[in-house]
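Chemist: I have a structure here, written as structure tokens, and I will follow up with some questions on it.
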Amino acid sequence: MPQIFEGKVVAQQVEQEIQTTLADLDLQPGLAVVWVGDNPASEIYIRYKQKACERLGFHSEVLQLPTLTSQSELLAAIESLNQNPGIHGILVQMPLPDQLDSEAVIAAIDPSKDVDGFHPMNVGYLNSGHPRMVPCTPLGIMYMLAHYQIPIAGQRAVVIGRSNIVGKPMAQLLLQADATVSILHSRTPDLAVYTREADIIVVAVGRAETLTAEMTKPGAVVIDVGMNRLEGRKVVGDVDFATVAEKAAWITPVPGGVGPMTIAMLLKNTLQATINQSKNKA
Ligand code: GUN
């Protein structure tokens, strides 16, 4: 059996470090989550984020707007949060309903409050090798790899999925850690050609059983970002855990792997944004 990345345990350590840092500061971080519509998957993620804020004594508010909210109404709500000194982090839960232009919405967030790291300015800083706010899921994965002292430099890494939220920033971070990185996606003819050669595989496509044992090199490090709810309510990742676990050296469980690390990095980014903003005011 492989070694298991205990994301839940590492995330708890991160939360303790945040509490220690906060104890020495006279600051209360504030996070605003903007949620348009009533997507049930979003509801679960938002609840996790709120609970985490409660545990650490962060101020948190959820601004829930109706599904039919217009672009100008949403932009006005974001501008008001940009101006609010009690809010240090703003997260617009994705996906947004179809009538909304998510690119313009993200660009309207004050980059210093962009705790998701989605603003084009933060994307640019990351891609030029000078990261400021970094997207939480890839950041959490890098944190976990470092925690377990997984070598990255010189390794062959494969990222399956090219989203702005996970795939692209993940590939950037692995590249900056000196891996040789391939990004695979829905138009890649044969994923296995790449995955069979990969020392590190990150799967972020949102489809169960995307990575199987036949596709996995013995001794690989496997990171599963997926959260797929199967009929009968069971949540599974994008990796066929039972069979891949027989070949991998390291693997993340779902749940309890990447998910808790994402939340921990959101808290860390919010704390960092709070500290940065307090320095700029002084
Ligand atoms: N939807 C799925 N993951 C995320 C995330 O990390 N941030 C936001 N804002 N929306 C998401």
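The values are calculated or read from the model by the stated rules, or taken from the named source; none is laboratory data. If you're wondering where the values come from, they're calculated on a predicted model, not measured in any experiment. No Cβ is skipped: glycine too gets one built from the backbone with ideal geometry, and neighbour counts run over all protein chains shown.
Chemist: Scan the range 231-257 for residues that are within 16 Å of the ligand (Cβ to nearest atom), out of contact with any helix residue (DSSP H, G or I) (no Cβ under 6 Å at 6 or more places or on another chain) and at pLDDT 95 or above and jot them down.
Modeler: Pass one, the range 231-257, residues within 16 Å of the ligand (Cβ to nearest atom): 235, 237-238, 254-255, 257.
When the remaining residues are screened for being out of contact with any helix residue (DSSP H, G or I) (no Cβ under 6 Å at 6 or more places or on another chain), the result is 235, 237-238, 254-255.
G237, D238, V254, P255 - these are the residues of the range 231-257 that are within 16 Å of the ligand (Cβ to nearest atom), out of contact with any helix residue (DSSP H, G or I) (no Cβ under 6 Å at 6 or more places or on another chain) and at pLDDT 95 or above.
Chemist: Ok, one more. Would you confirm whether any residue within the range 186-200 is in contact with a strand residue (DSSP E or B) (Cβ under 6 Å, 6 or more places away or on another chain) and closer than 25 Å to I106 by Cα?
Modeler: No, there is no match, as no residue in the range 186-200 is in contact with a strand residue (DSSP E or B) (Cβ under 6 Å, 6 or more places away or on another chain) and closer than 25 Å to I106 by Cα.
Chemist: So, one more: In the range 118-147, how many residues are within 23 Å of K8 (Cβ to Cβ) and either of a type in the set (V, I, T) or in contact (Cβ under 8 Å) with a residue 12 or more places away in the chain (or both)? Steps first, answer last, please.
Modeler: Looking only at the range 118-147, we keep the residues that are within 23 Å of K8 (Cβ to Cβ), and these are 134-147.
Subsequent filtering for residues that are either of a type in the set (V, I, T) or in contact (Cβ under 8 Å) with a residue 12 or more places away in the chain (or both) retains 134-145, 147.
Number of matching residues: 13.
Chemist: How about the range 148-203: which of its residues are free of Cβ contacts under 8 Å to residues at least 60 places away in the same chain, in a strand (DSSP E or B) and of a type in the set (A, V, I, L, M)?
Modeler: A157, V158, V159, V181, I183, L184, I200, I201, V203
Chemist: If you take the residues of the range 125-181 that are within 16 Å of the ligand (Cβ to nearest atom) and of a type in the set (S, T, N, Q), which of them is surrounded by the most Cβ atoms within 10 Å (Cβ to Cβ)?
Modeler: Ranking the candidates gives T137 first.
Chemist: Please find, among F5, F118, F58, the residue that is of a type in the set (F, W, Y) and over 15 Å from L266 (Cα atoms). First the steps, then the outcome.
Modeler: Working: F118 fails: over 15 Å from L266 (Cα atoms); F58 fails: over 15 Å from L266 (Cα atoms).
The match here is F5.
Chemist: Separate question: Which residues, taken from the range 227-282, are more than 22 Å from V14 (Cα to Cα) and crowded, with 23+ Cβ neighbours inside 10 Å?
Modeler: G237, D238, V239, V244, A248, listed by residue number.
Chemist: Okay, next question. Which of the residues belonging to the range 139-174 are touching a strand residue (DSSP E or B) at 6+ places or on another chain (Cβ under 6 Å) and within 16 Å of V221 (Cα to Cα)? Working first, answer last.
Modeler: So the first thing to find is which residues in the range 139-174 are touching a strand residue (DSSP E or B) at 6+ places or on another chain (Cβ under 6 Å), and the list is 141, 150, 155-160, 162, 167, 170-171, 174.
Across the range 139-174, the qualifying residues are I141, I150, Q155, R156, A157, V158, V159, I160, M170, A171, L174.
Chemist: Another one. I need every pair where a residue in the range 45-61 that is closer than 19 Å to M227 by Cα and at pLDDT 95 or above has its Cβ under 8 Å from the Cβ of a residue that is within 16 Å of the ligand (Cβ to nearest atom) and assigned to a loop (DSSP other than H, G, I, E, B), sequence separation at least 6 or different chains.
Modeler: Close Cβ pairs satisfying both conditions: I46/Q93.
Chemist: In this structure, does I223 turn out to be of a type in the set (V, I, T) and crowded, with 24+ Cβ neighbours inside 10 Å?
Modeler: On the way: of a type in the set (V, I, T): yes; crowded, with 24+ Cβ neighbours inside 10 Å: yes.
Spelling it out, I223 is indeed of a type in the set (V, I, T) and crowded, with 24+ Cβ neighbours inside 10 Å.
Chemist: Test each condition in (1) in a helix (DSSP H, G or I); (2) exposed (fewer than 14 other Cβ atoms within 10 Å of the Cβ); (3) within 15 Å of the ligand (Cβ to nearest atom) for V105 and report the one that comes out false.
Modeler: (2)
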